[in-house]
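Reading through the structure tokens given below for one structure.
The values are calculated or read from the model by the stated rules, or taken from the named source; none is laboratory data. Note that the coordinates shown come from a computational prediction; the quantities given were computed from them, not determined experimentally. Reconstructed Cβ throughout: ideal geometry from the backbone, glycine too, with neighbour counts over all protein chains shown.
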Amino acid sequence: MTVLTRRRHSVPPQPLSWFENLILCMGDRMRIRVASYEGRPAAGVLTIRYKKTMTYKYGCSDAQFHRFGPMQFLMWKAIQEAKSNGLLEFEMGRTDLNNEGLLTFKDHWGGARSTLSYMRYPLPRIYRATESASLRVAKSLVALTPPSLLVRAGNLLYQHID
């Protein structure tokens, strides 16, 4: 499902080793929830607990099951678990301002938006406020790439991203 979701969003998927490392580092503070329909995975959510906060970190879904609300179901289950464990906050995680679908999904839960500012050192040589033409072309190609090649691309690219 991660490959399907990342393809829909025109970005390569994180490699399996990315998630294996999260499991290794986070242990029981991390949880993966999966909803299925007729024995087929429909959606998945990864949350991380830290102190009194549970954070929604990653989500993925198979679009053919969206009408059944598997992401909403998993989020509700995560929120219930956080509450029953005495946690004080459920953090919806960061979202790019141009990701209107995810922003709408999170807004429907009644949370409050806040701005997250980043400082980078050293400063990047080039900063672009808008997407470059080459990035738009790359995203178009990702949408057409077979899943097996996307997985390979993710394995290659994520070695070089920190």
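Worth a mention:
- Residues of the stretch 6-17 that turn out to be modelled with pLDDT of 75 or more and farther than 12 Å from V151 by Cα, as a count: 1
- Residues in the stretch 53-63 that are outside any strand (DSSP E or B) and either at pLDDT 95 or above or farther than 13 Å from A35 by Cβ (or both): A63 only.
- Residue within the stretch 116-139 that is part of a loop (DSSP other than H, G, I, E, B), at pLDDT 85 or above and either in contact with a helix residue (DSSP H, G or I) (Cβ under 6 Å, 6 or more places away or on another chain) or over 29 Å from I32 (Cβ atoms) (or both) present: no
- Of the candidates E38, E81, the single residue that is touching a strand residue (DSSP E or B) at 6+ places or on another chain (Cβ under 9 Å) and of a type in the set (D, E, K, R) is E81.
- In the stretch 80-101, the residues that are farther than 21 Å from H66 by Cβ form Cβ pairs under 7 Å with partners that are modelled with pLDDT under 85 and surrounded by fewer than 14 Cβ atoms within 10 Å (Cβ to Cβ), at six or more places apart or across chains, as follows: R94/L116.
- Every residue from the stretch 26-72 that is over 13 Å from E91 (Cβ atoms) and basic (K, R): R29, R31, R33, R40, R67
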